[in-house]
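**Q** Can you read through this structure? Questions will come right after.
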Amino acid sequence: MSDPWTAQTEALGAFIRGQRELAKLSLRQLAEMTKLSHPYLSQVERGMHQPSVRVLKLLSEALNVSAETLLTQAGLLEGHDHATYEAEMTERVMSAIRADRRLTDAQQAALITVYDSMLRD
């Protein structure tokens, strides 16, 4: 049986991999976007390495996932306050838009832009 920290690291890696796949990015593309090495990102996704907060921030920007969501997945934030709940809901909507294969990339981008602009108002 693995310790809780190892399980958390593996869950974080799986979450990052899932978000990368939803964004239709290869590991090499994500590495280029974040200026991180391909082997390092592979280790993160396989749960072999716990990324720093700086790396989580880079990944959140590249994957269009809130930093809070990644920090929570990493076990560095706890609880589900109102802001965290809103961030999780936003991530779910955006993930659903990205996962809908009936939409073109341009349509997905347009929907995400409209959704994001409505949340800011």
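The values are calculated or read from the model by the stated rules, or taken from the named source; none is laboratory data. If you're wondering where the values come from, they're calculated on a predicted model, not measured in any experiment. Because the Cβ atoms are built from the backbone with ideal geometry, glycine has one as well, and the counts that use them run over all protein chains shown.
**Q** Q50 fails exactly one of the following numbered conditions: (1) within 25 Å of V114 (Cα to Cα); (2) among the polar types (S, T, N, Q); (3) assigned to a loop (DSSP other than H, G, I, E, B). What is the number of that condition?
**A** Of everything listed in (1) within 25 Å of V114 (Cα to Cα); (2) among the polar types (S, T, N, Q); (3) assigned to a loop (DSSP other than H, G, I, E, B), Q50 misses just condition (1).
**Q** Right, another one. Could you check, for the range 3-11, whether at least one of its residues is modelled with pLDDT of 80 or more and touching a His at 6+ places or on another chain (Cβ under 9 Å)?
**A** Taking every residue of the range 3-11 in turn, at least one turns out to be modelled with pLDDT of 80 or more and touching a His at 6+ places or on another chain (Cβ under 9 Å).
**Q** Then there is this: Cβ-Cβ below 9 Å, separation at least six or inter-chain, first residue in the range 41-53 and among the hydroxyl-bearing types (S, T, Y), second in a loop (DSSP other than H, G, I, E, B): which pairs?
**A** S42/M48
**Q** Go through the range 88-117 and report how many residues are under 25 Å from T72 (Cα atoms) and either hydroxyl-bearing (S, T, Y) or over 19 Å from the mean Cα position of the chain (by Cα) (or both).
**A** Result for the range 88-117: 5.
**Q** Of the residues in the range 74-112, how many are of a type outside the set (A, V, I, L, M), modelled with pLDDT under 85 and over 19 Å from L30 (Cα atoms)?
**A** 12
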